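Input: a single structure, listed below in structure tokens.
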Amino acid sequence: MERIVRRLCLLAGLAVAPAPYGPAHAATYRAAPQVDITDEVPGDVIAAGARVRIDGAVRGSAFAAGAHVEVHGRIRDAVRVAAGDLAIAAQIGGDLTAVGGNIRIAPETHVAGAAWLAGGHVEVAGWTAANLYVAAASIAVSGEILGDVELAAPSIIIGPDTVIRGRLVYRSGTPARIDPAARIEGGVIRQPGIAIAARHFVEGAVAALRIAWLAGLAVVGTMLAVLFPAFTADAARTIARAPMRSFLVGFAVLAATPVAAALALVSVLGIPLALGLLVGYGLSLVFGYLTSAFFLGDAMLRVVRRQTAATPWRLGALMLALVGLAFLQSLPWFGGLVLFAAIVFGLGAAYVQLWERYTRA
């Protein structure tokens with residue numbers, strides 16, 4: 001069952017990496033409080049917002065992150081979603097990967113590949129051509145699955161309309177409630193252990209947070225590349241041009257800002273200043289991290305193309321860089337060093353570039 005969480009992390013990472021060297025329309029990016037995609041999309045869709053609705057024909061994969069997400073219509077390739085509340089009623093030509101608080105797979109849903117789900121409450125009533133893997137607090141299955149089914153949850157219900165062509169393997173502290181009318185052609189195997197199921201659920205929640213964070217970075221990075229292409233490019237080049245200066249400035253800002261905020265909190269009049277410093281500090285850390293990601297992405301483009309890249313190319317390279325950094329950060333011990341270096345070098349380069357632009361003004 002550990003494969004569920006690993007697969008979720010892997011596919012979610014790949015979801016934010018559209019083909020960077022394809023045509024400019026290879027990926028469509030949408031970020032807003034409410035996102036509605038109802039038209040035909042020629043390539044991939046990457047959407048983030050409080051409410052996201054995809055209800056059209058998508059000729060590539062669909063990736064979405066938000067508080068409430070709905071996926072309808074026809075998706076030619078894979079669907080990968082992180083949401084608080086998720087409803088899917090779509091024709092999916094590839095795999096389905098989803099993490100969320102509540103996940104509902106409607107009966108009209110057809111998944112041509114495998115389905116990997118992790119959440120609080122998961123309902124599966126659709127049709128899946130391959131295997132189904134679910135880790136949750138509670139699971140209800142009433143659809144048709146042509147492959148095997150692996151479940152991990154304290155509460156598992158197999159409804160009367162369920163058809164499982166393969167075998168059912170589940171982990172739970174209590175026996176699953178399997179309706180006598182359900183058809184399970186490969187047999188049922190129970191592997192007791194509520195602690196194991198709970199651990200998988202926690203791992204799934206952590207994976208959901210990582211996916212949402214990666215999606216947020218992708219959206220913010222896209223906005224920065226579109227709105228401030230020259231500054232992001234210059235800041236990224238500063239890391240290569242002045243690495244030691246970037247490191248020293250970044251380390252100074254990283255260490256000194258919390259101290260300054262703490263000193264400001266000593267007086268009542270300094271509280272607004274302290275709060276402003278802390279908010280700016282958080283935003284600076286994100287921007288510094290993204291600056292390092294831009295640096296890595298631009299470096300990849302220089303190796304491949306050896307010329308100045310247009311914005312769509314930079315966006316594709318940025319997504320690859322973010323996925324690469326996320327992978328390196330997942331490594332024991334080494335991951336923390338990668339995160340520290342990315343923030344410090346990027347933070348310092350951004351401030352150095354700001355200072356240089358100010359002095360030239």
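The values are calculated or read from the model by the stated rules, or taken from the named source; none is laboratory data. Everything numeric here is computed off the predicted structure, so don't read it as measured data. All Cβ positions, even for glycine, are placed from backbone atoms using ideal geometry, and neighbour counts span all protein chains on display. For the accessible areas, the whole protein counts, side chains as well, though only heavy atoms, and no ligand, DNA or RNA atoms are used. Shrake-Rupley method; radii C 1.70, N 1.55, O 1.52, S 1.80 Å.
Spin-label model, VAL266 to VAL188: label points 7 Å out along the Cα-to-beta-carbon direction sit 6.8 nm apart. Computed with every protein chain present, the accessible area of SER284 is close to 20 Å² [probe 1.4 Å]. Using the Cβ-Cβ distance between ARG357 and VAL304 with R0 set to 30 Å, the FRET efficiency from 1/(1 + (r/R0)^6) comes to roughly 0.55. Proximity of backbone amide H atoms, modeled 1.01 Å from N, is registered between VAL45 and THR28, SER61, ALA62, PHE63 at under 5 Å, excluding neighbours fewer than 5 places apart on the same chain. Here the Karplus curve 6.51 cos²θ - 1.76 cosθ + 1.60, taken at θ = phi - 60°, turns the phi angles of region 273-287 into couplings of 5, 5, 5, x, 4, 5, 5, x, 4, x, 5, 5, 4, 5, 5 Hz, with x standing for Gly and Pro. Taking every alpha-carbon pair under 8 Å whose residues sit at least 6 apart, region 61-113 reaches a relative contact order of 32 percent. Spacing of the modelled spin labels on PHE231 and ALA255, each 7 Å from Cα toward Cβ, amounts to 2.8 nm.
With all protein chains in place and ligands, DNA and RNA left out, the 1.4 Å accessible area ranks TYR29, TYR358, TYR281, TYR351 as TYR358, TYR351, TYR29, TYR281, largest first. For a paramagnetic label modelled on GLU108 (point 7 Å from Cα along Cα→Cβ), amide N atoms under 15 Å away belong, within region 41-57, to 54-57. The share of C-alpha pairs in region 271-352 whose separation exceeds 17 Å stands at 53 percent. Largest first, the residues HIS110, HIS68 sort by 1.4 Å accessible area into HIS110, HIS68. For region 215-361, dividing the convex hull volume of the Cα atoms by the residue count gives 135 Å³ per residue. Backbone phi angles across region 136-148, fed through the Karplus curve with coefficients 6.51, -1.76 and 1.60 (θ = phi - 60°), yield HN-Hα couplings of 7, 7, 8, 9, 10, 10, 9, x, 10, 10, 7, x, 7 Hz in residue order; Gly and Pro are listed as x.
Length gained on full extension, SER138 to LEU337, computed as 0.36 nm times the residue gap minus the Cα-Cα distance: 67.9 nm. Rolling a 1.4 angstrom probe over the protein heavy atoms with all chains in place gives region 95-168 an accessible area of 28 Å² per residue. Taking amide hydrogens as placed 1.01 Å from N in the peptide plane, the amide H of VAL35 sits under 5 Å from those of ARG51, VAL52, ARG53, each at least 5 positions away in sequence or on another chain.
Scaled against the 2.2 N^0.38 Å expected of a compact globular protein of N residues, the Cα radius of gyration of region 28-128 reads 0.93.
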